[in-house]
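Step one of this worksheet: look at the structure below.
The values are calculated or read from the model by the stated rules, or taken from the named source; none is laboratory data. A quick note: this is a predicted structure, and the numbers were derived from the prediction, not measured. FYI the Cβ positions are ideal-geometry reconstructions off the backbone, even for glycines, and counts take in every protein chain you see. For the accessible areas, the whole protein counts, side chains as well, though only heavy atoms, and no ligand, DNA or RNA atoms are used. Shrake-Rupley method; radii C 1.70, N 1.55, O 1.52, S 1.80 Å.
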Amino acid sequence: MTKIKDMNRRQRKVLDACHNGWFMGGEYRALIDGHERSFWADSKRILFNDVDEWFSSHEQNHAESPLLVKCVRAA
């Protein structure tokens, strides 16, 4: 993962959404403007990389929209 000081705006937004509380392995759900995707992650790095990849495909139309990432089921 890139150092925080070297992250672009999108990566910082994803980092903030993914690290907004205690991390535990399990199923996570990301939401942005009606778009939803589930992710399985057992580390913060995996969660960040997966959400960043997904969000980058929606960034053009939803860059200013809030991104929410929450654990929905612990492993």
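Under the criterion of Cα pairs below 8 Å and six or more residues apart, the relative contact order for the chain equals 42 percent.
Distant-in-sequence amide contacts of TRP40, defined by a placed amide H-H separation under 5 Å and a gap of 5 or more residues or a different chain, comprise TYR28.
Enter the accessible area per residue of the chain (Å², integer; probe 1.4 Å; all protein chains in place). Walk me through the numbers before you get to the answer.
Details: 4980 Å² over 75 residues.
It amounts to 66 Å² per residue over the chain.
When the chain is described by a simple charge dipole with +1 on each Lys and Arg Cβ and -1 on each Asp and Glu Cβ, the residue from ALA17, TRP54, VAL72 located farthest towards its positive end is ALA17. The accessible surface of the chain, taken with every protein chain in place and a 1.4 Å probe, is 47 percent carbon and sulfur.
To the nearest 20 debye, what charge dipole does the chain have about its Cα centre, counting +1 at the Cβ of each Lys and Arg and -1 at the Cβ of each Asp and Glu? Show your work: numbers first, answer last.
Working: 12 positive and 11 negative charges, 57 e Å.
Roughly 280 debye for the chain.
Compute the Rg/Rh shape ratio of the chain: radius of gyration over Kirkwood radius, all on alpha-carbon atoms.
Values: Rg = 11.6 Å, Rh = 12.4 Å.
That ratio is 0.94, to two decimals.
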